[in-house]
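Report on the structure given below.
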Amino acid sequence: MTEQRVLFVCLGNICRSPAAEGVFLHLLAQQGLEDQFLVDSAGTGGWHVGNPADRRMRAAAERRGIHLPSRARQISLADLSHFDRILTMDEDNLRAVRSLAAELHGRPDLAEIEPMTSYCRRFKASEVPDPYYGGEQGFEHVLDLLEDACSGLLESLRA
Ligand code: 4NP
């Protein structure tokens, strides 16, 4: 099986997409599939470039035994052809990535761009809501949604 390249995208790349990356990597490790995937995350904005994931997001993930290793970076045009699949957290991220992708219109190697919540099976949600300005419960909800979506995504990619 050739390696599949998956990129998770949110706004700041310090809360939702690093959590998605960590949850997906955790699932891959549990199933011994790490060498079949290349996994990364990025933000549509550049304010937090170089920073680790938000302390509250890391703490919530650690409580579930999930490590978030990423440092924030901003998505670039090259990501659109380097990755096979890009999963966006909300409508704004989806619009931003699609508008970047328009610059590569017609390229055969352009990534599939999809909302992360389209892989949820337990939750009925259209977005992974931004937890940055809210309380602890928001970070837990992000992880609940991402655990659901990541397991649906992995099942779909293995099929
Ligand atoms: P994220 O959350 O997009 O899930 O990383 C945010 C982090 C920071 C900001 C907004 C959203 N901010 O405005 O700084």
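The values are calculated or read from the model by the stated rules, or taken from the named source; none is laboratory data. Treat the numbers as computed from the prediction; the structure is a model and nothing was measured. Ideal geometry is used to build each Cβ from the backbone, glycine not excepted, and the neighbour counts take in all protein chains shown. The area values use the complete protein model at the heavy-atom level, side chains included, leaving out ligands, DNA and RNA. Shrake-Rupley method; radii C 1.70, N 1.55, O 1.52, S 1.80 Å.
For the pair Asn51 and Phe123, what calculated FRET efficiency results from E = 1/(1 + (r/R0)^6), where r is the Cβ-Cβ distance and R0 = 25 Å, to the nearest 0.05? Computed FRET efficiency for Phe123 and Asn51 comes out at 0.30. Shape class of the stretch 26-102 from the alpha-carbon gyration tensor: oblate, with a/c at 1.5 or above and b/c at least as large as a/b.
With a ≥ b ≥ c the root eigenvalues of the C-alpha gyration tensor of the stretch 76-159, is it rounded (a/c under 1.5), prolate (a/b larger than b/c) or oblate?
Because a/c hits 1.5 or more and a/b fails to exceed b/c, the stretch 76-159 counts as oblate.
For Ile113, the residues 5 or more places off, or on other chains, whose built amide H falls under 5 Å of its own are Ile86.
Remark: the chain carries a charge dipole of roughly 200 debye about the Cα centre, counting +1 on each Lys and Arg Cβ and -1 on each Asp and Glu Cβ.
Applying the Karplus relation 6.51 cos²θ - 1.76 cosθ + 1.60 with θ = phi - 60° to the stretch 55-62 yields 3J(HN,Hα) values of 4, 5, 5, 5, 5, 5, 5, 4 Hz, where x marks Gly and Pro. Mean-square fluctuations from a GNM of the chain, with a 10 angstrom spring cutoff on Cα atoms, peak among Asp79, Asp90, Asp109 at Asp109.
Applying both filters, DSSP loop and at most 13 other Cβ atoms within 10 Å, to the trypsin sites (Lys or Arg not before Pro) of the stretch 78-159 gives Arg121, Arg122, Lys124. Note that the stretch 23-29 has calculated 3J(HN,Hα) couplings of 5, 5, 4, 4, 5, 4, 5 Hz, one per residue in order, obtained from phi through the Karplus relation 6.51 cos²θ - 1.76 cosθ + 1.60 (θ = phi - 60°); glycine and proline are x. Residues whose amide H lies under 5 Å from that of Ser41, counting only those 5 or more places away or on a different chain, are Phe8; hydrogens are built 1.01 Å from N in the peptide plane. Ligands, DNA and RNA are left out, and with a 1.4 angstrom probe the accessible area of the stretch 4-158 is 48 Å² per residue. Here the Karplus relation 6.51 cos²θ - 1.76 cosθ + 1.60, evaluated at θ = phi - 60°, turns the backbone of the stretch 117-134 into coupling constants of 5, 5, 9, 5, 10, 8, 8, 10, 9, 9, 9, 9, x, 5, x, 4, 9, x Hz, with x for every Gly and Pro. Note on the chain: GNM, Cα springs under 10 Å; of Ala96, Ala29, Ala72, the largest mean-square fluctuation is that of Ala29. Determine the share of the chain's accessible area contributed by carbon and sulfur atoms, expressed in whole percent, with a 1.4 angstrom probe. Roughly 48 percent of what the probe reaches on the chain is carbon or sulfur.
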